[in-house]
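Below: one structure, written as structure tokens.
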Amino acid sequence: MAPSVSQATLDHLARRLDELAAEFPTRPEAVDLVALADDIATVSHHLQHAVERAQERFTAPATVHPPERLVLFRLARATAGMAHALDTLAEALTYATTGFQREAVPDLAHSPLRNDPQVLRMLTAEKYVAARARLRNTASDLRTAPPPAGPAAPHATRPPAVAQPPQRVRP
């Protein structure tokens with residue numbers, strides 16, 4: 001039987017995503033294309049591991065009980081956040097490898113900024129900041145446990161009527 005996926009699993013993934021996001025550069029001077037490729041590989045690794053973990057659990061769906069299903073649902077949502085961050089980083093790498101002027105700014109063909117490496121670094125730093133925010137939001141969502149499902153709150157009812165003694169009617 002595959003090991004279960006628990007809140008501890010989500011907490012571990014959240015810590016790893018936070019650590020990775022903290023290493024992302026925020027200034028253009030700190031952008032390094034080799035590090036960018038490594039960051040893409042790392043996010044991809046975490047994404048693949050999360051998907052494999054969920055797949056392992058659903059090989060025997062009868063053994064996945066409702067609390068774990070909720071955790072797996074949250075893990076699936078986290079994979080969407082990681083995929084979005086991965087896409088953002090891949091865009092930054094595309095700018096660098098295929099010519100950012102075609103991808104990022106289509107009307108830049110005749111601009112003196114067209115081949116400026118500083119502009120490339122600024123665009124890449126902006127993508128890093130966006131990916132960092134996405135990973136941090138995803139990590140935060142993983143840590144936030146939903147409230148436990150408890151019994152429904154009782155409906156407000158009117159208090160029972162107090163019996164009043166009959167009043168005498170005077171003739």
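The values are calculated or read from the model by the stated rules, or taken from the named source; none is laboratory data. Since we're looking at a predicted model, the values are computed, not measured. Ideal geometry is used to build each Cβ from the backbone, glycine not excepted, and the neighbour counts take in all protein chains shown. These area figures cover heavy atoms from the full protein model, side chains too; ligands, DNA and RNA do not enter into them. Shrake-Rupley method; radii C 1.70, N 1.55, O 1.52, S 1.80 Å.
Considering only the stretch 12-47, how many residues are crowded, with 19+ Cβ neighbours inside 10 Å and over 17 Å from the mean Cα position of the chain (by Cα)?
Count: 2.
Among the residues of the stretch 81-99, count how many are within 20 Å of the chain's Cα centre (by Cα) and open to solvent by 60 Å² or more (accessible area, probe 1.4 Å).
Of the residues in the stretch 81-99, 3 are within 20 Å of the chain's Cα centre (by Cα) and open to solvent by 60 Å² or more (accessible area, probe 1.4 Å).
Among 62, 78, 54, 50, which is open to solvent by 40 Å² or more (accessible area, probe 1.4 Å) and at pLDDT below 95?
From the options 62, 78, 54, 50, the qualifying one is 62.
Each row is one residue, and each column tells you yes or no for (1) more than 30 Å from residue 89 (Cβ to Cβ); (2) at pLDDT 95 or above; (3) assigned to a helix (DSSP H, G or I); (4) among the aliphatic types (A, V, I, L, M).
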site: 119; (1), (2), (3), (4): no, no, yes, yes
site: 126; (1), (2), (3), (4): no, no, yes, no
site: 133; (1), (2), (3), (4): no, yes, yes, yes
site: 147; (1), (2), (3), (4): yes, no, no, no
site: 153; (1), (2), (3), (4): yes, no, no, yes
site: 156; (1), (2), (3), (4): yes, no, no, yes
site: 161; (1), (2), (3), (4): yes, no, no, yes
site: 167; (1), (2), (3), (4): yes, no, no, no
